[in-house]
Amino acid sequence: AARGQSGALAATKTDFGPWGGALTFSLSSPWYFDPDPATTELFPNKDDFFSVAVHELAHVFGFGTAPSWQTYVSGSTFTGPKSTAANGGLHVSLSGDLKHWTNGTSSKIYGTNTTQETAMDPSLTVGTRKYFTSLDYAGLQDVGWKMVPEPSEWLLCALGAGVFVLVRRRVV
């Protein structure tokens, strides 16, 4: 029932064990597609598919939708400990639907010193790209997700070489 997440079954939900999810996108929207998510130059009259997809995937992961999210909603603020810490020790203001940060909320793009409007506020300006911010990730942590740092390229190469050597030994 909770996909191994015991906090998802607690009286006060502290975790999220989704069964899955689905996203659909309008074919009539003027989408901007680019295979490189690092792109910053977008067409001014198009919606950035990357930004919209990242935002909607966060909802599938429980941002604003999970029972564990509701545990931390108090009035029109979000009191999750990770989000509060990422917001300079202040509870985070929510939009009217209580499923997004307030429009205009800013945070640093995760892993950088660049500040932008959060990916999980309720709006996207046409012709702009939004990346997930430290505050957005903190919201997912409060829902129950564990954030694991991405391994370095050298570590991945070393692991791949190790697997290659092991397989080669078995074959020989």
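The values are calculated or read from the model by the stated rules, or taken from the named source; none is laboratory data. Keep in mind it's a predicted model, so treat the numbers as computed, not measured. Heads up, the Cβs are rebuilt from the backbone with ideal geometry, glycines too, and the neighbour counts pull from every protein chain shown. Side chains are part of the model used for accessible areas, which takes the heavy atoms of the whole protein and leaves out ligands, DNA and RNA. Shrake-Rupley method; radii C 1.70, N 1.55, O 1.52, S 1.80 Å.
Net charge of the neighbourhood of His59, taken over other residues with C-beta under 12 Å away and scored Lys/Arg +1, Asp/Glu -1, is -2.
Which percent of the accessible heavy-atom area of the chain goes to carbon and sulfur, probe 1.4 angstrom? Whole-percent figure for carbon plus sulfur exposure: 60.
Converting phi to 3J(HN,Hα) with the Karplus coefficients 6.51, -1.76 and 1.60 and the offset θ = phi - 60°, the range 139-145 yields x, 5, 5, 5, 6, x, 7 Hz in sequence order, with x at every glycine or proline. Using heavy atoms of the protein chains and a probe of 1.4 Å, the accessible area assigned to Leu94 is about 10 Å².
Taking amide H atoms as placed 1.01 Å from N in the peptide plane, the amide H of Leu94 lies under 5 Å from those of Thr77, Phe78, Thr102, each 5 or more residues away in sequence or on another chain.
In the range 10-70, inverting the average of 1/r over every pair of distinct C-alpha atoms gives 13.8 Å as the Kirkwood radius.
Each Lys or Arg adds one and each Asp or Glu subtracts one; over the other residues with Cβ under 13 Å from the Cβ of Leu124, this totals -2. When all protein chains stay in place and ligands, DNA and RNA are ignored, the 1.4 Å accessible-area order of Val52, Val126, largest first, is Val126, Val52. Relative contact order for the range 38-167: 27 percent, from Cα pairs under 8 Å spaced at least 6 residues apart, divided by residue count. Find out how many positive minus negative residues lie around Trp31, taking Lys and Arg as positive, Asp and Glu as negative, among other residues whose Cβ is under 11 Å from that of Trp31. The answer is -2. Per residue, the chain reaches -9000 deg cm²/dmol at 222 nm when only DSSP H runs of four or more residues are counted, each adding -39500 (n - 2.57). How high is the FRET efficiency from Gln116 to Asp36, r the C-beta distance, R0 22 Å, rounded to 0.05? The calculated FRET efficiency here is 0.80.
Using the 1.4 Å probe convention, the accessible area of the chain works out to 62 Å² per residue with neighbouring protein chains retained.
Applying 0.36 nm per residue to the separation of Ser74 and Ser29 and subtracting their alpha-carbon distance, the gain on full extension is 12.7 nm. Solvent-accessible area of Glu56, all protein chains in place: 70 Å² (probe radius 1.4 Å, heavy atoms, ligands and nucleic acids excluded).
The dipole here belongs to the range 53-143: it is taken about the Cα centre, uses +1 on the Cβ of Lys and Arg and -1 on the Cβ of Asp and Glu, and is about 140 debye.
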